[in-house]
Amino acid sequence: MKKLILISGFGGSGKTTCSNILHAKIAENALVDADHLFNVEPFIVDDRLGRIKLKNCTDVICNFFDEAFPVVICSGLVWSQAELDAIAKAVSSKDCEVWCFWLKVSKPVRHQRVLARARDGADSQEFLDKIDAMISNPTPMSLPGGHYVEIETDNLSAQEVVDEMLVRMHH
């Protein structure tokens, strides 16, 4: 059976790093980084951006399944229960097992990680404060017919997080 692995969490939780490690560990898979599919200016977190993100990502995920990739890993797509429900519906015809891993991290650790990486303009205290005010914590979520798992990442390395994912998926 095909497998969709969704890795989500707030900025600084380790989504991208864990997705890249998992991508290297699983023999045949496709990796989708949601951030690259809704990189727009101006970047305004609203319903329009949510629709763009969801449509672009689910289309790409389904394309990979249609091209016979047995595993698709998607980083950063899920921001809410409604989105998780929409993703599950979008792939329901693809005969795949859906896993959603929410990487939990405390606000101080998250902010420390984001500011230390300084990857782009979004890695600033101003942007962190803006996002914290705009996006509420969506957890816990549920995934009927699939698997929803929260992993505390404050004291785990990215490799340890991936190891936990693999154990959970029996992969």
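For the reader, a short list of remarks on this structure follows.
- Matching residues, segment 152-171, being more than 23 Å from residue 1 (Cβ to Cβ) and either β-branched (Val, Ile, Thr) or touching a helix residue (DSSP H, G or I) at 6+ places or on another chain (Cβ under 8 Å) (or both): 153, 154, 156, 158, 159, 161
- Pairs where the first residue, in segment 146-171, is free of Cβ contacts under 8 Å to residues at least 60 places away in the same chain and closer than 29 Å to residue 93 by Cα and the second is of a type in the set (Lys, Arg) and surrounded by 14 or more Cβ atoms within 10 Å (Cβ to Cβ), C-beta under 7 Å, 6+ apart: 150/104; 151/104
- Residues that are at pLDDT 95 or above, surrounded by fewer than 21 Cβ atoms within 10 Å (Cβ to Cβ) and within 14 Å of the chain's Cα centre (by Cα), drawn from segment 61-82: 81
- Top-ranked residue of segment 146-163 - restricted to ones that are within 16 Å of the chain's Cα centre (by Cα) and part of a helix (DSSP H, G or I), ranked as modelled with the lowest pLDDT: 158
- Of all residues in segment 2-21, one or more are charged (D, E, K, R), crowded, with 17+ Cβ neighbours inside 10 Å and under 28 Å from residue 160 (Cβ atoms).
- Residue in segment 84-107 that is hydroxyl-bearing (Ser, Thr, Tyr), part of a helix (DSSP H, G or I) and surrounded by fewer than 19 Cβ atoms within 10 Å (Cβ to Cβ) present: yes
- The residue pairs whose first member lies in segment 10-27 and is under 22 Å from residue 108 (Cα atoms), whose second member is assigned to a loop (DSSP other than H, G, I, E, B) and β-branched (Val, Ile, Thr), and whose beta carbons are closer than 7 Å, counting only pairs six or more residues apart or on different chains, are 10/105; 12/105; 13/105; 13/153; 14/153.
A quick yes/no check of all residues on (1) in contact with a Leu (Cβ under 6 Å, 6 or more places away or on another chain); (2) modelled with pLDDT under 95; (3) not hydrophobic (A, V, I, L, M, F, W, C):
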residue	(1), (2), (3)
2	no, no, yes
5	no, no, no
9	yes, yes, yes
14	yes, yes, yes
22	no, no, no
26	no, no, no
29	no, no, yes
35	no, yes, yes
43	no, yes, no
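- Check on residue 53, more than 24 Å from residue 1 (Cα to Cα), in contact with a helix residue (DSSP H, G or I) (Cβ under 9 Å, 6 or more places away or on another chain), modelled with pLDDT of 95 or more and surrounded by 14 or more Cβ atoms within 10 Å (Cβ to Cβ): yes
- Cβ pairs under 6 Å, 6+ apart, first in segment 102-116 and more than 7 Å from residue 9 (Cβ to Cβ), second part of a loop (DSSP other than H, G, I, E, B) and modelled with pLDDT under 75: 114/123
- Verdict on residue 32 being of a type in the set (A, V, I, L, M, F, W, C) and within 17 Å of residue 92 (Cβ to Cβ): no
The values are calculated or read from the model by the stated rules, or taken from the named source; none is laboratory data. In this text, all values refer to a predicted model and were calculated from it rather than measured experimentally. Virtual Cβ from ideal backbone geometry, glycine too; neighbours counted across all protein chains shown.
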